[in-house]
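A.B. asks: Below is one structure. I have some questions about it.
The values are calculated or read from the model by the stated rules, or taken from the named source; none is laboratory data. Keep in mind that what you see is a predicted model, and the values were worked out from it rather than measured. Reconstructed Cβ throughout: ideal geometry from the backbone, glycine too, with neighbour counts over all protein chains shown.
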Amino acid sequence: MKEIQFPVGAQAHQDAEKRAGGDFQRHEQGHGRRQALAVLALFGWRQAGAAFGHVPPSHYPLWRRAHSIAPRFDGSRADGLQSGRIPAGISGGAGVDAKVTKRSLGNLTQEEVKSVVDDYVGLHDAGVERKKERYRQLVNQYYDLVTDFYEWGWGKSFHFAPRRRSESFKASQIRHQHFLADKLSLKPGMQVLDVGCGVGGPMGNLARHCGASFVGINNNAYQIERAKVHTRDVEALCRFIKSDYMQIPRSDDHYDGAISIEAMPHAPDKTAAYAEIFRVLRPGAGFACYEWCLTDAFDPSNAEHRQIKEGIMTGSALPDIAGTTEVCEAVRAAGFELIESLDLAGESDPETPWYRALQGRDFSLASIPRTPLGRVLTNLILRVAEPLRLAPQGAREVSTFLNWGADTLVEGGRTGIFTPMFYFLARKPLPRGD
């Protein structure tokens, strides 16, 4: 069996960036148009315009786009889901009839939101071991509650990236995604597992970039529903499995490669999670991953450091946060050869650190929902909307713990005790004698 050669080192980093360069330019051309749309979405014009009632909003293409990306608290969607029929491609083939129930956040009804919020907060008040025991509930409840908020603020890709001074946040995300594909030398004909695929933004970008076929695994039904929408143009290359990545429903030696972008922090057992990925990879195949980690600067005896860690965990549904050394040890313990590892947070320009997206320092219309101002405005809007039943009870509490999580992520980056982009490249060894 032929062993795949993985590009490593500084030159490989530069080559990957050059290959992806054209895609960044094309992305930037549409960036300004999306900025204006974000403002309409931010201030809830879909509800306000309907109240004015002078001209049907559907007559305006701009309105329709804003209507589709605003946070949805009434269960309808402007992307085809409101009709009760899932379009062709959403299920990986022909259209299928499906009754779409009234939702308020994710797959939750208005009545369910407050109860799930209380359960989630109560579970996070439990100890680390309790959270690990009930991690499926912890993560599923979290993404039912926050996916609409995330799409509102982040679009289709829920992750950070090392950023250059002249680069937009979105362009840095795309470059960050392409980096993993290029590290694995992905190409058409390869079958690649995306572990914790989210709403499919990175997977769709990578399918367009390298032409490989991707299978996304995600245990949250609502996120898979959204991922199928976001990958319609590359549906032939993108499929999805609803499953826990701790128990991947595939045979041994199945995939040609695997990626994971900031999804493995949810795992209750690092070694077991990596070992399951190891199991389904073919010998010689690679696994490229971005992990959330505490750095060597973290001091467990420091009260401020502990508070930052707790805020990140609560705001992101994490049972715990591992250190970089712990992650590397778990990769090896799972059976992988660790080819390289690096904290890419240091690759950011000092003027554009990875957490700048949450600070509001590079203010633009599209970035408003992620900024402190945007988060405060969202919280205030929900404070008014909940008593008027324009938003479900509990929505403001979701916004509050997300804001706490965002603030502590900034502090984690500023103090240098946390990184959301600890990169590693690992390989499943070939059998002896091959």
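A.B. asks: Test of understanding: among V195, V199, V234, V215, which residue is hydrophobic (A, V, I, L, M, F, W, C) and over 26 Å from C293 (Cα atoms)?
C.D. replies: Just one listed residue meets the conditions, V234.
A.B. asks: Being under 14 Å from M421 (Cα atoms), in a strand (DSSP E or B) and among the acidic types (D, E) is the filter here, so list the residues in the stretch 336-364 that pass it. Give the steps one after another, and end with the answer.
C.D. replies: Taking the stretch 336-364 as the starting set, the residues that turn out to be under 14 Å from M421 (Cα atoms) are 340-348, 353-355.
The next check asks that each one be in a strand (DSSP E or B); those that pass are 340-343.
If the condition is that a residue be under 14 Å from M421 (Cα atoms), in a strand (DSSP E or B) and among the acidic types (D, E), then E340, D343 are the ones that fit.
A.B. asks: For the stretch 146-195, which positions are acidic (D, E) and within 13 Å of C210 (Cα to Cα)?
C.D. replies: Matches in the stretch 146-195: D182 only.
A.B. asks: I need the full set of residues from the stretch 311-335 which are touching a His at 6+ places or on another chain (Cβ under 9 Å) and either part of a helix (DSSP H, G or I) or without any contact (Cβ under 8 Å) to a residue 12 or more places away in the chain (or both), in order please. Before you say what the answer is, go through the steps one by one.
C.D. replies: If we filter the stretch 311-335 for residues that are touching a His at 6+ places or on another chain (Cβ under 9 Å), which is where we start, we get 313-314, 316-319.
Listed by number, the residues that qualify are M313, T314, S316.
A.B. asks: Can you find a residue that is more than 28 Å from P7 (Cα to Cα) and either at pLDDT 95 or above or part of a loop (DSSP other than H, G, I, E, B) (or both) anywhere in the stretch 184-206?
C.D. replies: The initial filter retains those residues of the stretch 184-206 that are more than 28 Å from P7 (Cα to Cα), namely 199.
Filter again for either at pLDDT 95 or above or part of a loop (DSSP other than H, G, I, E, B) (or both), leaving 199.
Yes, the conditions are met somewhere in the stretch 184-206.
A.B. asks: List every residue pair whose Cβ atoms lie under 6 Å apart, where the two residues are 6 or more positions apart in sequence or sit on different chains, the first residue falls within the stretch 142-155 and is farther than 18 Å from I174 by Cα, and the second residue, located anywhere, is among the charged types (D, E, K, R) and at pLDDT below 75.
C.D. replies: D148/R72
A.B. asks: Further question: Surrounded by fewer than 20 Cβ atoms within 10 Å (Cβ to Cβ), of a type in the set (D, E, K, R) and modelled with pLDDT of 65 or more, is that true of R136?
C.D. replies: Working: surrounded by fewer than 20 Cβ atoms within 10 Å (Cβ to Cβ): yes; of a type in the set (D, E, K, R): yes; modelled with pLDDT of 65 or more: yes.
When the stated conditions are applied, R136 passes them.
A.B. asks: Quick one: which of R175, R226, R232 is of a type in the set (K, R), in contact (Cβ under 8 Å) with a residue 40 or more places away in the chain and closer than 24 Å to L338 by Cα? Spell out the reasoning first.
C.D. replies: Details: R226 fails: closer than 24 Å to L338 by Cα; R232 fails: closer than 24 Å to L338 by Cα.
Exactly one of R175, R226, R232 is of a type in the set (K, R), in contact (Cβ under 8 Å) with a residue 40 or more places away in the chain and closer than 24 Å to L338 by Cα, namely R175.
A.B. asks: State which residue pairs qualify: first residue under 14 Å from E326 (Cα atoms) and inside the stretch 336-352, second residue hydroxyl-bearing (S, T, Y) and surrounded by 14 or more Cβ atoms within 10 Å (Cβ to Cβ) in any location, beta carbons under 6 Å apart, and separation of 6 or more residues or different chains.
C.D. replies: Pairs that qualify, where the first residue is under 14 Å from E326 (Cα atoms) and the partner is hydroxyl-bearing (S, T, Y) and surrounded by 14 or more Cβ atoms within 10 Å (Cβ to Cβ), are L342/Y423; D343/T419.
A.B. asks: Could you list, in sequence order, all residues of the stretch 269-306 that are assigned to a helix (DSSP H, G or I) and among the acidic types (D, E)?
C.D. replies: Filtering the stretch 269-306 down to residues assigned to a helix (DSSP H, G or I) leaves 270-280, 303-306.
Scanning the stretch 269-306 gives E276, E304.
A.B. asks: Could you please find all residues in the stretch 212-268 being in a loop (DSSP other than H, G, I, E, B) and farther than 13 Å from G196 by Cβ? Steps first, please.
C.D. replies: Applying the first criterion (in a loop (DSSP other than H, G, I, E, B)) to the stretch 212-268 yields 212, 219-220, 231, 243-254, 262-263, 267-268.
Within the stretch 212-268, A212, T231, Q247, P249, R250, S251, D252, D253, H254, P268 qualify.
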